[in-house]
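First comes the structure, then the notes that go with it.
The values are calculated or read from the model by the stated rules, or taken from the named source; none is laboratory data. Note that the coordinates shown come from a computational prediction; the quantities given were computed from them, not determined experimentally. Cβ placement follows ideal geometry from the backbone for every residue including glycine, while neighbour counts extend to all protein chains displayed. Ligands, DNA and RNA are stripped out before the accessible areas are found, and what is left, the full protein with its side chains, is counted by its heavy atoms. Shrake-Rupley method; radii C 1.70, N 1.55, O 1.52, S 1.80 Å.
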Amino acid sequence: MFERFTQDARSTVTGAVAEAERTGAQRVGEEHLLLAMLALGALDPLGVDRAAISADLAAARRRGGMSKADEEALAGLGIDLTEIVSRIEETHGEGALSTPAPRSRSGRTRFTPGAKKILEQSLRIALGRKERHISTLHLLLALLSRPGTPAEVLTDHGVTYAGAEATLTA
């Protein structure tokens with residue numbers, strides 16, 4: 001499948017691996033793909049604020065990766081996620097929920113099931129658009145098409161599937 005990736009899309013994937021390694025993450029996740037796209041400037045035509053998106057992703061990491069939708073669902077059950085995070089951080093230190101798990105012995109960085117789904121979805125999107133190559137646009141659209149923190153953060157910053165598609169294909 002990677003033979004279909006454009007150079008920018010390949011750079012996004014390798015950048016995601018580098019981002020995961022930099023942070024000590026055991027696996028490359030959807031968040032790392034988004035951070036790599038930001039670093040490469042792939043979202044600049046959409047007028048996004050790189051720092052704000054990175055900060056929102058960091059805040060989600062601090063919540064243990066839970067999205068705002070997860071937080072609202074827990075609140076509906078009477079569970080205050082902010083209070084839980086505060087108590088955990090009182091005991092274990094700030095960012096305790098965002099501390100990555102130790103790396104595997106092999107030292108090899110693997111992709112999470114969610115990140116794999118993003119890569120697969122980007123191929124489906126490219127094929128659906130009758131395009132032979134997978135670009136950063138396809139990766140972005142795949143991120144936006146799946147529920148989760150990256151899509152939520154992008155949407156909070158005004159990046160929608162339709163808007164990204166219209167702006168980046170123009």
Matching entry among 36, 42, 59 (being out of contact with any Lys or Arg (no Cβ under 7 Å at 6 or more places or on another chain), open to solvent by less than 10 Å² (accessible area, probe 1.4 Å) and of a type in the set (Gly, Ala, Ser)): 36
Region 6-19 - residue that is in contact with a Leu (Cβ under 9 Å, 6 or more places away or on another chain) and open to solvent by less than 70 Å² (accessible area, probe 1.4 Å) and, of those, nearest to residue 58 (Cα to Cα): 19
Output for region 45-56, where each listed residue is open to solvent by less than 50 Å² (accessible area, probe 1.4 Å) and either among the small types (Gly, Ala, Ser) or out of contact with any helix residue (DSSP H, G or I) (no Cβ under 9 Å at 6 or more places or on another chain) (or both): 52, 54
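Go through 168, 143, 127 for me and flag whichever is assigned to a helix (DSSP H, G or I), among the aliphatic types (A, V, I, L, M), out of contact with any Ser or Thr (no Cβ under 7 Å at 6 or more places or on another chain) and within 20 Å of residue 70 (Cα to Cα).
Just a single option satisfies the conditions, and that option is 143.
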Enumeration of residues in region 96-151 that are of a type outside the set (A, V, I, L, M), out of contact with any strand residue (DSSP E or B) (no Cβ under 6 Å at 6 or more places or on another chain), open to solvent by less than 40 Å² (accessible area, probe 1.4 Å) and modelled with pLDDT of 90 or more: 114, 135, 136, 138, 149, 150
